[in-house]
Amino acid sequence: MHATGLQMDRQLLEARRLFREGREVPSGWVRGEVIRSWQRSREYGLAPDDHRIFSPVSRHALRRLQEYRDQLLHYVEPEMERLFKALRGTDWVLACLEAEGWIVRSMTGDRACPDLGRALRAGGNLDETVAGTTGPGCALTERCPSVVTGGEHFLEEAGGFICAAVPLFAPDGELAGVLNASRRHDGRAMGVLEPLALAAREVENRMVENLAGDLRLAVHYRSELTDSPVRGLIHFDRDGRLLGANPVARQLLDLARLEGEGRPVTLERLWGSALPSLRRGAGEPVALACQDGGQLYVRVESAPRPTVAMPRRDAGEAIAGPLYERALKAFRGGVPVLINGETGTGKDRLARWLHERGGAGQGPFVAVNCASIPEGLIESELFGYEEGAFTGARRGGMAGKFEQADGGTLFLDEIGDMPLTLQARLLRVLQDREVTRLGGGRVRPVSFSLLCATLQPLDRAIAEGRFREDLFYRINGLRVALPALRERADLAALMDSLLEEVSPSTPVPRLSPAARRALMAHSWPGNIRELQQALRLGAVLAEGGWIELEHLPAVPHEDAAETAAEPPAGTLDGQTRQAMLAALAASGGNVSAAARRLGIGRATFYRKMRRFGLSRQAGDGLPDRV
């Protein structure tokens, strides 16, 4: 063995001489990964007699070290500590490097060479472009475990060491860094590569486990290994879209190929409608057929288990969307808020939410629907009346809505339908803050916060003489336009908020990926009211904590069947999609303008956007504001 080792060392020295002279190294003399690294090192302008690995650490390097410390070491340091306990009394030096070769942490054994500890100090860089051929340099470039021994190092100053390195991969498949172990090269067997690989697996698993997703699955081709450190781990969000996976899962499921096809990788794309089967498995491995015809065992490792009551997201805040902070701030400051929106978009809900949080919540909330009260009664409803003011008047009279709202909030819904003659009297009340009941002479002071709502465009009503311009300026302190559901970019978040509100049970059931897609695809002509009813039905019929497609009303269910992925370019749907993209690009992302360009209604345009997935998928060429 010793003679063979000397012969190999001589062969390596001869190979180095030939390489240095620019001559071809005979095949088999040097391992392929090493000769490739030598060639790259030379292309980087390095020379074997350069001095790189013992140079002082710069301040710039230390600043970079700080950038990566918290990000990477949160996952790596616990595993390094465990491994170092076994190596502490030896001459090994452990190091963690980030993806550009910067050493972010090192641990030195009790008998380690001081020079080696200095070479692997935090802040140093062992990337191939800096230090040539090393174990970590090769692992970073070749993206696989690497061992570099003695004279295999490109720099002569590293020739007395041996190093083993294992790459670390982030959940998105990108390189996160390297775990490395080095000591003096004295001919002894290494025996550290497998422990390094096990530590790397634990780090990668920890990264996947830490993803903020709703469903984590363990996969393997052997059922008993779905509960072992070598299992594949894959994490999905609540819509069933891939968040990340460890290298084992990426290899078993060929995720790189699927991601390269340009479509989102989803649970349904991998295993069809397998989610109910997985849930029924109760944490046990379930054999599932893969799209390529193979079979893997899949086990639910983590799913939402809300054992502690979590604070529910405020549905009023969700209805207001990104404008809620401005609306609330204005309302709290005494500025009247005018809410516009189609029927069912939640104008009354937003009004109540503003009242409850806007400083008037201790007083009454008085709502008046100006479109539903007969014109002959609306004056008495608003101003009240004294006893005997008219035939049928109540004994003792009655306070009107203005008086009832004193100290609280008055919400005038559908104010665009208020009779023109009454608008003048309303304006006077808003200016003077006092009312006189019908049939009486006593002036009564009132103080209330004002909210108004209408589905009508008031500027048109003003132009047509149906609405007073001076009243408009009095009520339009801040205008909040609630979009129709088909126009909302935050529909998924709004659905979750409303589901928490309408669900009769705790924990609140969740929407399956198929059910969520069906709801996203529907055009919602009834807006929030229609969505609430659909969610309420789904929550009541939910089984096992999940709302499936069959639990939804018929119309969204039917819409889901029409929703398709990107259609082939040569089909009519494909041409329609391309025309829509072109119209959106030409109009700068303005959907209304794009719809006019194509000669179709805005609602139709939005419905087709949802059908073709244009508003929600990256890479469609849509501007961010669509």
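Work out how much length Ala582 to Gln39 would gain on full extension: take 0.36 nm times their residue separation and subtract the Cα-Cα distance, in nm to one decimal.
Stretched fully, the Ala582-Gln39 segment lengthens by 190.7 nm.
As an exercise, find the ratio Rg/Rh for region 398-474 from alpha-carbon atoms, using the Kirkwood inverse-distance average for Rh.
In region 398-474, Rg relative to Rh is 0.98.
Neighbouring Cβ atoms within 10 Å as the yardstick, rank Arg479, Arg105 fewest first.
Numbers: Arg479 15, Arg105 19.
Least to most surrounded, the residues fall as Arg479, Arg105.
Charges at C-beta only: +1 for Lys and Arg, -1 for Asp and Glu. How large is the resulting dipole of region 485-562 about its Cα centre, in Debye rounded to 20?
Working: 7 positive and 12 negative charges, 24 e Å.
Taking the Cα centre of region 485-562 as origin, the dipole is about 120 debye.
Quick one: Phe411, Phe402, fewest Cβ neighbours within 10 Å first, how do they rank? Could you put the intermediate results ahead of the total?
Values: Phe411 28, Phe402 24.
In order of increasing Cβ crowding within 10 Å: Phe402, Phe411.
Enumerate the lysines that Lys608 could reach by cross-link, defined here as Cα to Cα under 28 Å, with residues fewer than 8 away along the same chain left out.
Leaving aside lysines fewer than 8 places away in the same chain, those within reach of Lys608 are Lys347.
Between Leu175 and Asp432, what is the label-to-label distance in nm when each label sits 7 Å out along the Cα-to-Cβ direction?
Rounded to a tenth, the inter-label distance reads 8.1 nm.
Provide the gained length on full extension for the span Glu14 to Gln295, in nm with one decimal, where the gain is 0.36 nm per separating residue minus the Cα-Cα distance. Mind dumping the intermediate values first?
Working: separation 281, 0.36 × 281 = 101.16 nm, distance 5.01 nm.
Here the segment from Glu14 to Gln295 would lengthen by 96.1 nm.
Taking 0.36 nm per residue of sequence separation and subtracting the Cα-Cα distance, how much length would be gained by fully extending the chain between Arg269 and Arg529, in nm to one decimal?
Extra length available between Arg269 and Arg529 comes to 90.4 nm.
Would you please put 139-148, 72-81 in order of how densely packed they are, using the mean number of other Cβ atoms within 10 angstrom per residue and starting with the highest?
Descending mean neighbour count gives 139-148, 72-81.
What net charge do the residues around Leu198 carry, taking every other residue with its C-beta under 12 Å from that of Leu198, with Lys and Arg at +1 and Asp and Glu at -1?
Residues near Leu198 contribute -2 overall.
Treating the Cα atoms of region 211-302 as identical point scatterers in vacuum, please give the log10 of the normalised Debye intensity I(q)/I(0) at q = 0.14, 0.19, 0.22, 0.26 Å⁻¹, two decimals.
-0.42, -0.82, -1.15, -1.69
Return the distance in nm (one decimal) between the two label points of a simple spin-label model at Leu193 and Trp29, each offset 7 Å from Cα along Cα→Cβ.
Placing both labels 7 Å beyond Cα along the Cβ direction yields 2.3 nm.
Could you work out the local net charge near Gly150, counting Lys and Arg as +1, Asp and Glu as -1, over the other residues with Cβ closer than 11 Å to its Cβ? Before the final figure, lay out each step's value.
On the way: positive: Arg16, Arg184; negative: Asp9, Glu152, Glu156, Asp186.
Net charge in that neighbourhood comes out at -2.
Taking other Cβ within 10 Å of each residue's Cβ, how do His551, His51 sort, fewest first?
In order of increasing Cβ crowding within 10 Å: His51, His551.
Calculate, in whole percent, how much of the Cα-Cα pair population of region 315-481 lies beyond 26 Å.
Here the tail beyond 26 Å accounts for 26 percent of pairs.
Relative to the compact-globule scaling 2.2 N^0.38 Å, provide the ratio for the alpha-carbon radius of gyration of region 418-539. It would help to have the intermediate numbers written out before the result.
Working: Rg = 21.2 Å, N = 122, 2.2 N^0.38 = 13.7 Å.
Dividing the Cα Rg of region 418-539 by 2.2 N^0.38 Å gives 1.55.
Dividing the Cα convex hull volume of region 485-562 by residue count, how many Å³ per residue is that?
Per residue, the Cα convex hull of region 485-562 comes to 78 Å³.
Values quoted throughout were computed directly from the atomic coordinates according to the rules given, and no laboratory measurement underlies them. Just so it is clear, the structure is predicted and the values come from calculations on it, not from any experiment. Cβ: placed from backbone, ideal geometry, glycine included. Neighbour counts: every protein chain shown.
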